[in-house]
Ligand SMILES: [Zn+2]
């Protein structure tokens, strides 16, 4: 239980690293923890996070570092690490946001959502609805699913 992720960005708190350790324990994939690397991406704009099971890597969009996005940052980290855990537990042929992955999110206390309404994002994302008040739907996690499958 003392192990740490292989790479942990200095911008992320040790509290968040404790959360990551707890989730891995809860999901019974603690052996995965020392293989996991986490990085912050400045280029990532269309998705909040990404996970690569092959590389045991999780990338997080840098906007999540804004203090107003702290809660969302925790959820996105959980979301992405749950992808790694689901593949570890069930193999890589499962659907990225299928029931195996959803069960892990729910066990961690999160709604198992794969998309997020743009209007509900913290203001640091600078997302605005259009003047015509058309509902803008942002699907940051859709790209991840494709990325993992490929
Ligand atoms: Zn996802």
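Name the one entry in 69, 82, 51 that is in contact (Cβ under 8 Å) with a residue 40 or more places away in the chain, in contact with a helix residue (DSSP H, G or I) (Cβ under 7 Å, 6 or more places away or on another chain), part of a strand (DSSP E or B) and on the phi < 0 side of the Ramachandran plot.
Values: 69 fails: part of a strand (DSSP E or B); 82 fails: part of a strand (DSSP E or B).
The match here is 51.
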- Could you list, in sequence order, the residues of segment 1-21 that are free of Cβ contacts under 8 Å to residues at least 60 places away in the same chain, surrounded by 12 or more Cβ atoms within 10 Å (Cβ to Cβ) and within 16 Å of residue 82 (Cα to Cα)? 5, 17, 19, 21
- Are any of the residues in segment 105-128 surrounded by fewer than 19 Cβ atoms within 10 Å (Cβ to Cβ), without any contact (Cβ under 8 Å) to a residue 40 or more places away in the chain and touching a strand residue (DSSP E or B) at 6+ places or on another chain (Cβ under 6 Å)? yes
- Task: Those residues that are modelled with pLDDT of 95 or more, in a loop (DSSP other than H, G, I, E, B) and within 29 Å of residue 125 (Cβ to Cβ), I need them from segment 7-44; list them, please.
- Result: 8, 9, 10, 11, 12, 13, 27, 36
- Note on the structure: The one condition residue 96 fails out of (1) within 9 Å of the ligand (Cβ to nearest atom); (2) at pLDDT 55 or above; (3) farther than 23 Å from residue 21 by Cβ; (4) part of a helix (DSSP H, G or I) is (4)
- Task: Test residue 48 against the stated conditions and say whether it is modelled with pLDDT of 95 or more, crowded, with 22+ Cβ neighbours inside 10 Å and within 16 Å of the ligand (Cβ to nearest atom).
- Result: no
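The values are calculated or read from the model by the stated rules, or taken from the named source; none is laboratory data. Predicted model only: the values in this text are computed from it and were never measured. In this analysis, Cβ positions are derived from the backbone assuming ideal geometry, glycine residues included, and neighbour counts consider all displayed protein chains.
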